[in-house]
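Here is the structure we will look at.
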Amino acid sequence: MLDRIDHVGIAALDLDGAVAFYARAFGVAPSFREVVEEQGVEEAMIRVGESWIQLLGARGPDTPVGRFLSSRGPGLHHVGYAVGDIEAALARLKAEGVPLIDERPRRGSRGSLVAFAHPKGAGGVLVELVQP
């Protein structure tokens with residue numbers, strides 16, 4: 001079902017500061033930045049091999065990432081896995097009893113379809129399914 005790790009999402013209190021840190025510490029820069037209003041985030045995507053680091057800045061305190069930052073602070077937010085058929089992946093997770101945040105896919109960044117599975121059903125990890 002999983003093709004590869006698509007990205008690792010990292011929540012940042014200061015997106016510009018996080019981008020600057022990754023440039024200084026790791027010598028990498030975002031390939032692009034994008035605002036995804038539907039999810040209330042601005043993201044900076046850094047390519048690492050076949051995968052991405054997704055630095056996430058909240059567009060407000062009442063967004064999912066804003067609430068995450070308020071309760072947990074900056075750090076690892078989620079792991080995104082690439083799948084070939086997001087509908088089939090969601091059906092499989094549902095059949096396994098994994099609680100879903102998204103019953104149906106929605107638009108994500110890079111023109112993808114995405115859906116999230118709740119951490120309670122995935123060993124404490126917020127899982128994002130990504131169909132490129």
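The values are calculated or read from the model by the stated rules, or taken from the named source; none is laboratory data. As the structure is a prediction and not an experimental result, all values here were calculated from the model. Note: ideal-geometry Cβ built from the backbone for every residue, glycine included; neighbour counts use all protein chains shown.
Within segment 92-109, is even one residue within 15 Å of His7 (Cα to Cα), at pLDDT below 95 and of a type in the set (Ser, Thr, Tyr)?
Yes, that holds for at least one residue.
So, Pro61, is that one buried (at least 19 other Cβ atoms within 10 Å of the Cβ), over 14 Å from the mean Cα position of the chain (by Cα) and either assigned to a helix (DSSP H, G or I) or of a type outside the set (Phe, Trp, Tyr) (or both) or not?
So Pro61 does not fit the description; no.
What number of residues within segment 1-53 satisfy the criterion of being hydroxyl-bearing (Ser, Thr, Tyr) and closer than 19 Å to Val127 by Cβ?
Residues flagged as hydroxyl-bearing (Ser, Thr, Tyr) and closer than 19 Å to Val127 by Cβ within segment 1-53 amount to 1.
Looking for whichever is surrounded by 14 or more Cβ atoms within 10 Å (Cβ to Cβ), within 17 Å of Pro132 (Cα to Cα) and not aromatic (Phe, Trp, Tyr) here; the options are Ala122, Ala115. Which one fits?
Only one candidate passes the filter, namely Ala115.
Would you check if there is a residue in segment 3-18 being of a type in the set (Asp, Glu), touching a Phe, Trp or Tyr at 6+ places or on another chain (Cβ under 7 Å) and at pLDDT 95 or above?
Yes, because at least one residue in segment 3-18 is of a type in the set (Asp, Glu), touching a Phe, Trp or Tyr at 6+ places or on another chain (Cβ under 7 Å) and at pLDDT 95 or above.
Would you check if there is a residue in segment 85-101 being under 18 Å from Leu113 (Cβ atoms), of a type in the set (Gly, Ala, Ser), in contact with a strand residue (DSSP E or B) (Cβ under 7 Å, 6 or more places away or on another chain) and not in a loop (DSSP other than H, G, I, E, B)?
Looking for residues that are under 18 Å from Leu113 (Cβ atoms), of a type in the set (Gly, Ala, Ser), in contact with a strand residue (DSSP E or B) (Cβ under 7 Å, 6 or more places away or on another chain) and not in a loop (DSSP other than H, G, I, E, B), one finds at least one in segment 85-101, hence yes.
Keeping to segment 33-91, report how many residues are free of Cβ contacts under 8 Å to residues at least 24 places away in the same chain and of a type outside the set (D, E, K, R).
Total satisfying the criteria: 7.
Residues to consider are Val28, Val36, Val79; find the one that is at pLDDT 95 or above, surrounded by 12 or more Cβ atoms within 10 Å (Cβ to Cβ) and under 21 Å from Ala117 (Cα atoms).
When all the criteria are applied, what remains is Val79.
Can you name every residue in segment 39-58 that is exposed (fewer than 14 other Cβ atoms within 10 Å of the Cβ) and of a type in the set (Asp, Glu)?
Residue satisfying the conditions is Glu50 alone.
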